[in-house]
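**Q** Mind having a look at this structure? Questions to follow.
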Amino acid sequence: MFGNDSDAGPALERLKAAWAGFDEDVRVLFLPFHGASPAGARVTLTANLSGFYLIDSDGRATRSPTLRVAPSAKMLIEVTINDELVHNLVIRDLALITRLFGPGETIGLVVGPSSPGDYRYFCDVPGHEATMNGHLIVAAAA
Ligand SMILES: [Cu+2]
């Protein structure tokens with residue numbers, strides 16, 4: 001499940017433990033990853049007041065990307081702030097709220113809902129939701 005462990009550190013150990021014990025619909029991790037990252041489903045976003053962004057391999061940014069995961073599959077969502085404000089990541093329908101995190105910080109959120117659906121994610125800092133939002137689609141692969 002996990003790949004090269006050569007960079008394993010305390011953060012990765014915590015992450016492994018969390019994933020090994022993953023028996024709930026969702027789990028929130030407040031990790032600075034220190035360069036360690038798990039193999040498997042993972043999406044890396046940047047965020048600022050204008051939105052959440054997915055950067056593709058050509059450097060193109062997609063604002064408010066729709067994230068897709070199969071039911072009960074686990075996915076790590078990493079978000080790094082690249083403006084001077086604090087933000088969070090909320091998926092209200094999954095009862096997930098991260099702490100506030102600030103410039104340059106990265107937080108990770110592991111999601112793995114068993115129920116198919118369209119789950120909206122957003123930043124709930126006042127005034128941010130209008131631009132900082134997107135959808136997590138939980139559905140079997142087409
Ligand atoms: Cu925000």
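Laboratory data are not the source of any read-out in this text; all were calculated from the coordinates shown. Note that the coordinates shown come from a computational prediction; the quantities given were computed from them, not determined experimentally. Reconstructed Cβ throughout: ideal geometry from the backbone, glycine too, with neighbour counts over all protein chains shown.
**Q** What nm distance separates the two modelled labels at ALA70 and VAL86, each placed 7 Å from Cα along Cα→Cβ?
**A** The two pseudo-label positions are separated by 3.9 nm.
**Q** Now a separate question. Let me know the volume per residue of the alpha-carbon convex hull for region 51-142, in Å³.
**A** Spelled out: Cα convex hull of region 51-142, divided by residues, is 101 Å³.
**Q** Would you pull out the residues with amide H under 5 Å of VAL43's amide H, same chain only if 5 or more places away, H placed 1.01 Å from N?
**A** Those lying under 5 Å, H to H, from VAL43 are LEU76, ILE77, GLU78.
**Q** Right, something else. Quick check for you: which residues of region 72-98 have the amide N under 16 Å from the point 7 Å beyond the Cα of THR106 toward its beta carbon?
**A** 76-83
**Q** Among 57-66, 96-105, how do they line up from the highest to the lowest mean number of other beta-carbon atoms within 10 Å?
**A** Descending packing order for the listed peptides: 96-105, 57-66.
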